[in-house]
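Structure first, commentary second.
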Amino acid sequence: MKNRSTLNMDYTLLSILILLGLISILTLYIIEPTLPPKYDGSHFWLRQGMWYIAGGGIITAVMLIDYDRFHQITWILYGLGMLSLLMLFAGFPPGIVHEANGAVSWFKFPLIGTIQPGEFMKVILVLTLAHVIVRHNRKHIDKTMKNDLLLLFKIVGLSAPPTLLIAVQPDLGGLLVLGAITAGMILISGIQWRILFAIMFMVLGVGLLGFAAWHFFPDAVSVFLDKSGFDHVASRFTGWLNPNKNPDDSYQLIKAMLAIGSGQLFGKGVSDMQVEVPERHTDMIFTAVAEQFGFIGSSVVVILFFLLIYRLIHIAVQSNDSYGSYLVTGIVGMFAYQIFQNIGMSIQLLPITGLPLPFLSYGGSSTLTYMLAIGIVLNVHSRTKEYMFGEARWND
């Protein structure tokens with residue numbers, strides 16, 4: 001075995017991160033003059049740069065701790081994450097809980113600005129589920145139906161409380177990301193495939209029933225969603241299916257499609273943006289890249305994201321410790337879903353949800369969360385041991 005006295009830094013992953021950061025800051029700088037007057041003087045590009053610097057500090061701090069130590073603080077982090085979500089639910093403390101676009105998802109502090117606990121809960125959930133899966137598999141070596149169902153109960157039981165608290169904010173995007181993380185962790189947890197197939201068929205059945213209800217009883221479904229606080233889901237769904245027939249519900253989608261289509265192959269050029277897209281500096285930042293730099297520029301961004309996911313998967317596979325592999329795999333699920341959903345909703349492949357594009361969209365909480373996740377991945381990679389002879393050994 002080769003011992004390393006220094007950390008094994010993944011410069012490929014760091015290079016991808018730096019390139020995405022530069023694209024984000026440049027795009028925010030270019031589009032700032034085109035944003036609505038309410039954003040005058042916001043200097044999103046400068047603030048995004050500051051978030052990246054702070055994120056670099058987080059990566060450095062995470063790298064100094066052996067990731068195996070996360071076992072010791074998992075329940076503390078989970079408790080703090082749940083407490084912050086409960087405080088939002090209770091509206092406490094008054095004056096700090098912040099509401100925007102009908103969602104109560106933020107704390108607003110002087111000088112610091114808004115902090116979204118739901119973003120940090122994504123990484124906390126990954127840490128928690130990885131911890132539980134490893135501990136369970138070490139304790140229950142025999143793969144029986146009873147043990148697998150017990151593990152499934154633990155995963156769902158720990159994922160459900162934060163997911164429900166984020167759902168009632170309401171934050172559909174955050175809910176779906178936590179669902180994607182949970183699904184990914186279940187798939188790689190070692191649970192028997194017959195159980196997984198049964199879950200998949202159940203989920204598919206529920207989805208088909210929901211679609212049938214929407215098709216045959218649209219008014220009843222709309223009333224139900226309205227009473228549950230997810231009335232915006234119905235409008236976004238109808239706007240996605242029939243944008244021309246529902247122009248009010250599909251306004252953002254139509255503008256996004258016009259912006260992307262007008263970029264054509266090579267784009268209009270820097271600062272030449274003629275289509276006004278709502279929330280362009282956050283959820284719709286991909287439309288700014290497509291309009292200015294066309295299909296070529298958009299492809300570069302997509303390729304960078306592909307390389308990012310590929311590198312994360314490679315690190316997960318190369319790790320000779322099951323806990324490290326679970327951590328990175330959970331983070332892969334988080335990034336892969338958000339990237340697919342954000343770009344997909346911009347090109348009408350998927351309905352619009354309030355999800356930022358990782359590393360490109362402006363946002364303090366989201367950027368710090370992504371940097372924290374990358375710090376964990378780099379930590380796992382730096383402490384992965386290489387074996388000169390034989391296969392890597394998993395520490396189960």
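The values are calculated or read from the model by the stated rules, or taken from the named source; none is laboratory data. Source: prediction; values computed, not measured. Because the Cβ atoms are built from the backbone with ideal geometry, glycine has one as well, and the counts that use them run over all protein chains shown.
Summary table below
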| read-out | value |
| --- | --- |
| All positions within the range 46-66 that are within 21 Å of the chain's Cα centre (by Cα) and in contact (Cβ under 8 Å) with a residue 12 or more places away in the chain | Arg47, Gln48, Gly49, Trp51, Tyr52, Ala54, Gly55, Gly56, Ile58, Ile59, Val62 |
| Residue count, the range 181-196 (criterion: small (Gly, Ala, Ser), surrounded by fewer than 20 Cβ atoms within 10 Å (Cβ to Cβ) and not in a helix (DSSP H, G or I)) | 1 |
| Matching residues, the range 139-180, being in a helix (DSSP H, G or I) and acidic (Asp, Glu) | Asp148 |
| Test: residue in the range 127-146 that is surrounded by 23 or more Cβ atoms within 10 Å (Cβ to Cβ) and of a type in the set (D, E, K, R) | no |
| Number of the exception - Gly263 against (1) closer than 25 Å to Ile352 by Cα; (2) touching a residue at least 40 places away in the same chain (Cβ under 8 Å) | (2) |
| Candidate set: the range 98-112, residues that are in a strand (DSSP E or B) and surrounded by fewer than 14 Cβ atoms within 10 Å (Cβ to Cβ); chosen: the one modelled with the lowest pLDDT | Ala100 |
| Pairs, first of a type in the set (Lys, Arg) in the range 274-302, second surrounded by fewer than 24 Cβ atoms within 10 Å (Cβ to Cβ) and part of a loop (DSSP other than H, G, I, E, B), C-beta under 9 Å, six or more apart | Arg280/Leu35; Arg280/Met273 |
| Any hit, the range 32-42, residues being touching a helix residue (DSSP H, G or I) at 6+ places or on another chain (Cβ under 7 Å) and either of a type in the set (D, E, K, R) or in contact (Cβ under 8 Å) with a residue 60 or more places away in the chain (or both) | yes |
| Set Phe295, Phe286: member being over 19 Å from Leu28 (Cβ atoms) and either out of contact with any Cys (no Cβ under 6 Å at 6 or more places or on another chain) or of a type in the set (A, V, I, L, M, F, W, C) (or both) | Phe295 |
| Only listed residue being surrounded by fewer than 18 Cβ atoms within 10 Å (Cβ to Cβ) and touching a residue at least 60 places away in the same chain (Cβ under 8 Å), chosen from Val156, Val168 | Val168 |
